[in-house]
Amino acid sequence: MIKIPATIKDIARYTGLSIATISKYLNGGNVLEKNRILIEEAIKALDFEVNEIARGLRTNKTMTVGVLIPVFEQFFSTIISSLETILLETGYSVVVCDYKDDEKLEKERFDFLYKKRVDALVVVPTSLRGCDIRKIVKRDIPIIAIDRPIPDYECDTIVVNNFEISYKAVEKLITMGHRKIGIICGPQNIYTAKERLRGYIEAHKNYNVEIDEGYIKFSDYHSMESGFKRMMELLEKDNPPTAVFITNYDMTVGSVIAMNEKDVKIPDELSVIGFDSIEIARMVKPPLSLVLQPTEEIGKAAAELILKRLKGDKSDFPLFKKLDAQLLIKKSIREIKC
């Protein structure tokens, strides 16, 4: 037997409310709290299904937020989970696309999300520029950049204090007596990698410590293998560093594997500060010192800002919000007596 779908008229009969009130609620309008409770009770009891496509055509809203990330990995997954938790509470769904660190695919996926008529976009850019966005975006929707700014484009941006926290990490190694400090960086074209390297360089400069260019290794943010290779290169140098700062989660995991393979004793033979890999840090003895990024806070801040903009509140636009990462010092650093 075919079930006949419930209609707005059925909800009206169930609640005793007018069709106008019910329609207003279904289209995202505000109704009295007691009426909202009645309508939601009726929707559940009658198994009423809202036609999101039809509602989107009427209201010009799809109740979706598009998220564009380079790859699916722990860092971005945690941010998305935090963002989605808050948005779901207000009726918004999240559509996530990754572009696999491919510049062409990045623009294609951005175009795809925009054409899906999402109400807002959250973007982690790699090669995306203002000129690319202006070619695609023809309607006024909130666009928020996280982790990295979008060059030549005015929009809300949420980042971490990459320069300051990297400076602090390297400063700690210097004040512990280290003068041969290696760093494993991300790609040279990525904002976060450039800022973390800048912190490393500035700490050396301010403490009058000479930098050996051979101690600076550029790697792939999203590959444990690249972290493994760069750490191997540092360990196999004729004059290896006494300390290494690894500036990303996957690279930290790969570096730990390399140190294990070489049977490096931490911190007796090498002092180490990693990034974000709290699980790995607990598995290594002694536990690794780490830079911990506020991933959940990034997602929460992005969600709250999206909702603010979707309500038409453009105060403090464009917002540039910098969140603080934490330097967690464990026993993976030894002091070198001068």
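The values are calculated or read from the model by the stated rules, or taken from the named source; none is laboratory data. The shown structure was predicted, so the numbers you read here are calculated from the model rather than taken from an experiment. Neighbour counts run over all protein chains shown; Cβ positions are idealised from the backbone, glycine included. What goes into the accessible areas is simple: the full protein's heavy atoms, side chains included, and nothing from ligands, DNA or RNA. Shrake-Rupley method; radii C 1.70, N 1.55, O 1.52, S 1.80 Å.
Annotations for the structure displayed:
- Rolling a 1.4 Å probe over the protein chains gives Tyr153 an accessible area of about 60 Å².
- Listed residues Asp102, Asp268, Asp238, most fluctuating in the chain (Gaussian network, C-alpha, under 10 Å): Asp238
- Remark on Gly186: its backbone amide H falls under 5 Å from those of Ser219, a criterion applied only to residues 5 or more positions apart or on other chains, H modelled at 1.01 Å from N.
- If you sort the three axes of the alpha carbon gyration tensor as a ≥ b ≥ c, you get a/c of 1.5 or more for the range 231-283 and a/b above b/c, which makes it prolate.
- Highest-first arrangement of 64-74, 111-121, where packing means the average Cβ count within 10 Å: 64-74, 111-121
- Axis of helix 249-261 versus longest Cα principal axis of the chain: the two differ by about 40°, to the nearest ten degrees.
- Residue-wise HN-Hα coupling along the range 210-223, computed from phi with Karplus coefficients 6.51, -1.76, 1.60 (Hz; x: Gly, Pro): 5, 9, 8, 4, x, 8, 9, 10, 9, 9, 9, 4, 10, 9
- Looking at the range 243-338, the accessible area is 49 square angstrom per residue; that uses a 1.4 Å probe and ignores ligands, DNA and RNA.
- The residue among Asn35, Ile181, Leu292 whose Cα reaches farthest toward the positive pole of the charge dipole of the chain, with charges on the beta-carbon of Lys, Arg, Asp and Glu, is Asn35.
- Charging the Cβ of each Asp and Glu at -1 and of each Lys and Arg at +1, and nothing else, the dipole of the chain about its Cα centre rounds to 900 debye.
- Links that overshoot a 27 Å alpha carbon limit, given the list Lys104/Lys138; Lys9/Lys308; Lys217/Lys262; Lys237/Lys322: Lys9/Lys308; Lys237/Lys322
- Between Gly312, Ala20, Ile329, the Cα set farthest toward the positive side of the dipole of the chain (charges on each charged residue's Cβ, about the Cα centre) is that of Ala20.
- Counting Lys and Arg as +1 and Asp and Glu as -1 over every other residue whose Cβ lies under 12 Å from the Cβ of Lys300, the net charge comes to -4.
- Charge dipole of the chain about the Cα centre (unit charges at C-beta), most positive-ward option of Ile216, Leu235, Pro142: Pro142
- Anisotropy class of the chain from Cα gyration tensor, a/c 1.5 cut: prolate
- Mean ellipticity per residue at 222 nm, deg cm²/dmol - from DSSP H runs of n ≥ 4 across the chain, formula -39500 (n - 2.57): -13500 deg cm²/dmol
- Relative contact order, whole percent, for the chain stands at 16, derived from Cα pairs under 8 Å and 6 or more residues apart.
- Scoring 12-20, 206-214 by mean Cβ neighbours within 10 Å over their residues and listing the highest first yields 12-20, 206-214.
- Relative contact order (%) - criterion: Cα under 8 Å, at least six apart; region: the range 203-276: 32
- Amide proton proximity set for Val95, modelled H, under 5 Å, gap of 5+: Val65, Gly66, Val67
- Pairwise FRET efficiency - Phe320 versus Lys237, Cβ, R0 = 41 Å, nearest 0.05: 0.55
- Per-residue Karplus couplings for the range 268-274, computed as 6.51 cos²θ - 1.76 cosθ + 1.60 with θ equal to phi - 60°, are listed in order as 4, 9, 7, 8, 9, 10, x Hz, Gly and Pro entered as x.
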